[in-house]
Structure formats: structure tokens, C-alpha cells
1. Filter the range 85-138 down to residues that are of a type in the set (S, T, N, Q) and more than 30 Å from residue 397 (Cβ to Cβ), then give me how many there are.
2. May I ask you to verify whether residue 79 is more than 17 Å from residue 426 (Cα to Cα), at pLDDT 95 or above, touching an Asp or Glu at 6+ places or on another chain (Cβ under 7 Å) and within 16 Å of the ligand (Cβ to nearest atom)?
3. Is it fair to say residue 105 is aromatic (Phe, Trp, Tyr), in contact with a Phe, Trp or Tyr (Cβ under 6 Å, 6 or more places away or on another chain), modelled with pLDDT of 95 or more and away from the ligand (no atom under 14 Å from the Cβ)?
4. Going by what's in this entry, would residue 92 be described as within 16 Å of the ligand (Cβ to nearest atom), closer than 20 Å to residue 149 by Cβ and not basic (Lys, Arg)?
5. Residue 266 - would you say it is farther than 20 Å from residue 358 by Cβ and within 14 Å of the ligand (Cβ to nearest atom)?
6. Output yes when any residue across the range 140-161 is under 19 Å from the mean Cα position of the chain (by Cα), within 15 Å of the ligand (Cβ to nearest atom) and within 18 Å of residue 248 (Cα to Cα), and no when none is.
7. Among the residues of the range 237-255, how many are out of contact with any Ser or Thr (no Cβ under 6 Å at 6 or more places or on another chain) and either assigned to a strand (DSSP E or B) or on the phi > 0 side of the Ramachandran plot (or both)?
8. How about the range 299-376: which helices (runs of 4 or more DSSP H) wholly inside it have at least 2 residues that are within 12 Å of the ligand (Cβ to nearest atom), closer than 30 Å to residue 189 by Cβ and under 11 Å from the mean Cα position of the chain (by Cα)?
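The values are calculated or read from the model by the stated rules, or taken from the named source; none is laboratory data. Predicted model, so just to flag it, every value in this text is computed and none were measured. Here Cβ is always computed from backbone atoms with ideal geometry, including for glycine, and neighbour counts include all displayed protein chains.
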Amino acid sequence: MSYISEVRAAVAARNEGQPEFMQAVDEVLTTIAPVVESDCAYKNNAVLERITEPDRQIIFRVPWTDDNGNIRVNRGFRVQFNNAIGPYKGGLRLHPSVNLSIIKFLGFEQIFKNSLTGLPIGGGKGGSDFDPKGKSEREIREFCQSFMTELARHIGADTDVPAGDIGVGGREIGYMYGQYKRIKNVYEGVLTGKGLTYGGSLARTEATGYGLVYIVENMLNAHGDGIKGKSVAISGSGNVAIYAAQKAQQLGAKVVTMSDSKGWVYDPDGIKLDIVKEIKEVKRGRIREYADAVKGARFSDGGKVWQVKCDIALPCATQNELDENDAKQLVKNKVIAVGEGANMPSTTAAINVFRSAKTLFMPAKAANAGGVAVSALEMSQNSLRLGWSFDEVDAKLKGIMKGIFDKAADAAQKYASPADYVSGANIAGFIKVAQAMIAQGV
Ligand code: NDP
């Protein structure tokens, strides 16, 4: 049995019942084989055994009271996966589906993504199975305070710096930051995605979506094409989806779909983002309301956005939202490029369909790294006790996304095949972390 197969079998045996985590591990292990097999240092230093086992997994009780005075209990998680190249860094997700497998898959991916940014940040992830939907302001605040009451003892500006993810935006980060400060009595950049009046960075809100579109533009340019004039299908209508749509429109594309967990809208004239923002960011409503507000737009609560003909597909909602059949439909409709805004939105079978069809495909680790990259810039600004302008941060983001594209493209060319950005991103991300782990000893 090869070293990789041995490790894969051991990881599967040790992590039974964790399908998302195994999916993420499998994708990395299969693509880094050419590198791992070319140098026995990886095996001699047990790099794969170590990189697939988190440094620390923290699971805790989060009690809070609802508006009727009932005591409720949720489960909190923080997985500190790897800090070989910097403090643990990765978001917090609040969604009823959250479990250890999901947090571990996200934390594992984060190791390689953060490495690709070129910035000094390790990998971690956390969250809770708390469902923020339908909760009052007071309930959200109390939950966040209770969550942070335990989390505070495990994190710190030089230890572990969480951020937002699904269900965690500026409001939740604010409540958590306030509670951290109250407990620790230090004013430090322990969370990113903070509000602009208390240490947040300009362009952090936009960063993941903008970064996604920048790297897709880099990929298209490398193949003699560009975003201008293209039609774009986007799933989701949260932070990543909204700012991906905004940047795509700014670059001259037409965004024709958006969705949420209850359905999707199609607007043949192009999505009006001010209306989406009003529904989602201000009223915290459902995407269905878009079709009520815009003439000619259509809402559907069946099927998915991927049935719509488009040139570019940007899945920006959640894991495994684009399956083999969706991929086949997109290929049939002659999609040119796919960029993953969400984490692991495409199933393994879907990626294989894109690979066979030679569809340009930018995987999440590279494509959505703009968010964490600007989070790292927020950490720098907090340490320096100053703030950069929107244009300065945006220019740095653009440079970082170009750097990520170049690293993924070069590694693909050297170790896999040109334009195999899945392999390229995994390999480039892996090499840096593995070298740091070897250098630092066991
Ligand atoms: P938000 O909570 O802002 O938005 C999530 C969107 O996806 C909503 O439209 C939501 O619909 C939809 N969605 C979530 N879960 C499901 C589900 N199970 N089925 C169908 N739709 C779902 O989250 P973000 O935009 O921040 O995150 C989206 C993705 O991007 C996630 O995979 C996240 O890990 C990834 N990501 C986010 C980064 C960031 O900076 N925010 C950075 C890098 C990656 P509904 O409102 O109905 O739940």
C-alpha cells in the first residue's frame, strides 16, 4: 500500500461518521500524491498523519435563554487544526447542520487556503448548531455572549483569531467581541470582520466575493477570455454571493440568478443588487421577495440555479450544493468557467464532470481565499493601530488573488497538468505548510 493510501485508511478508521471531513481529506490526498511521492521527507516526518489530525478540538455547551424564558442548550465547536505558519485563523458558522465533521472539513481546508494567501495564518474553524433564523436581537446577543464566554479562554490575537461564516456577520462579531473584551480586559484584534468603528477593515465585507471574481477573471485572462459581457449564475444571497454579484456587475457581466435555502430567483434582465441587499442585509428576509418586487423576475422553490444557461457559475451558498447532475447540466449549457465561492460546494463527482469537460474550474481554497486574506490584513492594521483606505485594501486583495492564481497555475503546470487548478491549489498550499512542519520538528 502506498504511503498516501495507508494514511487515508487510518484517517477513515479514526474519523468514522465524518463524511464531509473525509471528502475534504480525500481531495487533498489524491491531488498531492506527485509531491509526497517525490520526497521521502514527507513520510519520514509523518507529515500526512500529522496534518490530518487537528492540534486541538474543543466542544462545549452553550446555554442561553429564549424570549419565553426557556433555557436552551446548543453545542459549540472550535477546531484548531494547524498553526505551522501562523495563529489559527478561520470563521465561525452558526447553522443547525453544524457538527464536528463539518467544522473539521472547514478547518482542514482552511490550512491550505490560508497558506495560499502568502500571509502568516494557520488553519482553524468553529461554530455552533444554533439556528439564528427567526431569533430576536436579544436572543442572538445572548447566544453570542454565552458562546464567547467559553471560547474566550481558547483564543487570542496571537493564538487563534476567528471570523464570520454562514450565519455570522458584523452583528454577531460585534456581540462576541464585546464579550471577549469584558472577560479578558484587553483590546486586541482577536476577531476579524469587526465593525469599522472598533478595528474592522474597510473592504472586509466585500473581500470574499470580490476576491472570487478577481481570481475567476485571472483564470479567464490566462485562457484569452474575460468576464465582461458574460452571464453569471450565482447561488446563495449572503455575504459571499452579494459581493461576488457586485464585482461581476462592475466588471461588465450580467448576474441572472441568486438563491437561499428556500428557493431561487431568475432575472433575465440582470439581478438588481440594491433590492437583494434591502431584502437580505436590511430586512433579513427571503429571496422569494425579490420576485415580488421586480417585474420580469421569476421565483422557483424547486430545482437549482444551475439549470439556467450561463457562461460562469459561482456557487456561493454551502457545501455539496452542486452535484454531478448539476455539473452535467452546466456543461450541456456550455458553461465556460466555475469559481467556488462557498467551501466545497461541488461534490467530487461534479468536479470530475468539469474535469472531463475541460471546464475552467477554480476550487474554493483558492477562489474564496480573499475573505481570510483581508482578515489577515485586518489583523495587521490592528497590530499597527492604524487603518488603510478601501482602495489600499482592495488593491492588496487584487494582488493577493493574482498571487494565488499564479501559485496554483505554476504548481499545476509543474506537478499535474496545466489548468488543473484543483491539484495546483492543494499542492502549492500543502508544500509551504509541510516545510514549516518539518522545520519545526515533531
Ligand atoms: P451567509 O450566511 O451570509 O449566506 C449563506 C447563503 O447560503 C444564504 O443565502 C443561505 O440561505 C445559503 N445557505 C446556507 N446554507 C444553506 C443550505 N444548507 N442550503 C441552501 N442554502 C444555504 O454566509 P456566507 O455568504 O458568509 O458564506 C457562504 C459560503 O461561503 C459558505 O460555504 C462559507 O463557508 C463560504 N465562505 C465565506 C467566507 C466569508 O468571508 N463570509 C469566506 C470564505 C468562504 P438561507 O439564508 O436560506 O440560509
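1. Result for the range 85-138: 3.
2. It is false that residue 79 is more than 17 Å from residue 426 (Cα to Cα), at pLDDT 95 or above, touching an Asp or Glu at 6+ places or on another chain (Cβ under 7 Å) and within 16 Å of the ligand (Cβ to nearest atom).
3. For residue 105, the condition - aromatic (Phe, Trp, Tyr), in contact with a Phe, Trp or Tyr (Cβ under 6 Å, 6 or more places away or on another chain), modelled with pLDDT of 95 or more and away from the ligand (no atom under 14 Å from the Cβ) - is not met.
4. It is true that residue 92 is within 16 Å of the ligand (Cβ to nearest atom), closer than 20 Å to residue 149 by Cβ and not basic (Lys, Arg).
5. Against the criterion (farther than 20 Å from residue 358 by Cβ and within 14 Å of the ligand (Cβ to nearest atom)), residue 266 does not qualify.
6. no
7. 2
8. Hits in the range 299-376: 364-367.
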